[in-house]
Amino acid sequence: MIIEPKTRGFICITSHPNGCEKNVLNQIDYIKSKGKIEGAKKVLIVGASTGFGLASRIASAYGSNASTIGVFFEKPPLEGKTASSGWYNTAAFEKQAHKDGLYAKSINGDAFSNEIKEKTIALLKKDLGEIDLLIYSLASPVRTHPNTGVRYKSALKPIGDSYTNKTVDFHTGEIKEITIEPSTSEDIENTITVMGGEDWQMWITALKNENLLSSGFKTVAYSYIGPELTKAVYRNGTIGKAKDHLEETAFSITDSLKDINGNAYVSVNKALVTQSSSAIPVIPLYISLLYKVMKEKGIHEGCIEQIYRLYNERLYLDKIPMDEQGRIRIDDWEMRNDVQEEVTKLWEQATTESLPLIGDLNGYIMDFFNLFGFKFDGINYEDDTNEMVLIPGLQ
Ligand code: NAI
């Protein structure tokens, strides 16, 4: 079929297998160009198909020759209907990994469920045994609790007062003011249940009970802090409460791993265009301005550059550098004073008219379409393309 982008608000409901493949191969090339990373050899990635989780899988496989199992929740293709991009990304990754002699298998389903944890445990027992690293990179708007069957929905809202600020519709470039009403206490609890640390802990407990964690095992989950500008809606909002919970959970997981000398970490990553971040109001405008400033200073990074730095310059050092709250920081360049001062100045000036000049809206739009395999050079989007691409190591 001829595959074109079809957007609905902040998502794209089609994706292009050849473009997704290009996206994956570019990331593989980046890691190969960097040489060997001293890292884990058997890695489980929960949330492995897009964004930071995909980059983590690629960096482990191609930096450290690791065997990887990826867990994710993606839509397979149907005749005449494309798969979701994470499906095609994984198909491309596994195809290449198998060609290069790397073990790579995947499980598609709800990572919050007992069933998917059990399936993963069975696969580990059969194929890999103990793992040395678990990357927890889930981003989901909903979670069905495995013990009660209750379905929780997260909210992206401020706490206490309503929040008014600028936001951009990145399809049209129009900047408008939006007001987000404050959350209820139920919104806060629900968001913590979906995006907090409980499920991360459940994964670790389930794997440890089956003796599937190696001595010296590490696990990392991803968090975000961000600037003053987005504080009310992000870090001091409902999602920030969930991130506080995730960060606290790292300490209780570490306590539970003492007997195997294991450790749990949270890495605070940079704001980037992913399917999850495009859904958060205000963030796309912030990212457009941030990209402009960081690109001008030569310090812009995407997911793969971020994870390379996490593995190579943080996680496997004898002494891991951390902030006062015990978090790994790879958002250090985003949070530099000179970067934030410039972004704040640009924020004041940003209007529909000025944004194309002072911001990097085009960079945002490119990254957004790239997530779904569109707008890559060297791909003929008018070609008849096979949408029925399968994931070779899908269980
Ligand atoms: P993403 O949307 O690109 O990836 C989410 C992954 O989770 C995908 O692999 C998806 O299939 C999987 N997933 C979602 N629901 C699932 C379910 N029920 N079962 C199994 N898999 C499921 O998201 P992104 O942005 O890479 O986020 C990953 C983590 O990084 C999140 O914790 C996010 O808060 C954090 N982060 C993101 C930043 C950003 O700017 N995008 C910045 C800093 C941290």
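The values are calculated or read from the model by the stated rules, or taken from the named source; none is laboratory data. Source: prediction; values computed, not measured. Every residue, glycine as well, gets a Cβ built from its backbone with ideal geometry; the counts of neighbours run over all protein chains shown. Ligands, DNA and RNA are stripped out before the accessible areas are found, and what is left, the full protein with its side chains, is counted by its heavy atoms. Shrake-Rupley method; radii C 1.70, N 1.55, O 1.52, S 1.80 Å.
Distance between the modelled labels on Glu189 and Lys231, one decimal in nanometres: 2.8 nm (7 Å Cα→Cβ projection).
Model label sites at Lys125 and Lys81, defined 7 Å from Cα along the beta-carbon direction, differ in position by 3.5 nm. DSSP beta bridges fully contained in the chain are about 30 percent antiparallel. Centre-to-centre, using Cα atoms only, the stretch 227-279 and the stretch 106-133 are separated by 23 Å. Diffusion coefficient of the stretch 257-390 by Stokes-Einstein, Kirkwood radius over Cα pairs, 37 °C, 0.692 mPa s: 189 µm²/s. Of the residues Met322, Gly363, Pro5, the one whose Cα sits farthest toward the positive end of the charge dipole of the chain, with +1 on the Cβ of Lys and Arg and -1 on the Cβ of Asp and Glu, is Met322.
Note on Arg336 and Ile260: their simple-model spin labels are 3.9 nm apart, each label 7 Å out from Cα toward Cβ.
Legend: translational diffusion of the stretch 254-303 by Stokes-Einstein, Rh = Kirkwood radius over C-alpha pairs, 37 °C, 0.692 mPa s; D = 245 µm²/s.
Normalised per residue, the accessible area of the chain is 42 Å², obtained with a 1.4 Å probe and no contribution from ligands, DNA or RNA.
Note on Ala279/Glu382: beta-carbon distance plugged into 1/(1 + (r/R0)^6) with R0 of 25 Å gives a FRET efficiency of 0.25.
With the convex hull drawn over the C-alpha atoms of the stretch 43-127, the volume per residue is 94 Å³. Each part reduced to its alpha carbon centroid, the stretch 1-75 and the stretch 141-220 end up 22 Å apart. When the charge dipole of the stretch 115-242 is built from unit charges on Cβ atoms (+1 for Lys and Arg, -1 for Asp and Glu) and taken about the Cα centre, the candidate among Tyr234, Ile204, Asn190 whose Cα reaches farthest toward its positive end is Ile204. Contour minus end-to-end for Asn211 and Asn362, with contour as 0.36 nm per residue of separation and end-to-end as the Cα-Cα distance? Residue separation times 0.36 nm, minus the Cα-Cα distance, leaves 49.5 nm.
Using +1 on the beta carbon of Lys and Arg, -1 on that of Asp and Glu, and nothing else charged, what's the dipole of the chain about the Cα centre, debye to 20?
820
Overall dimensions of the chain, expressed as equivalent-ellipsoid semi-axes from the Cα gyration tensor (√(5λ), whole Å, largest first), are 31, 26, 21.
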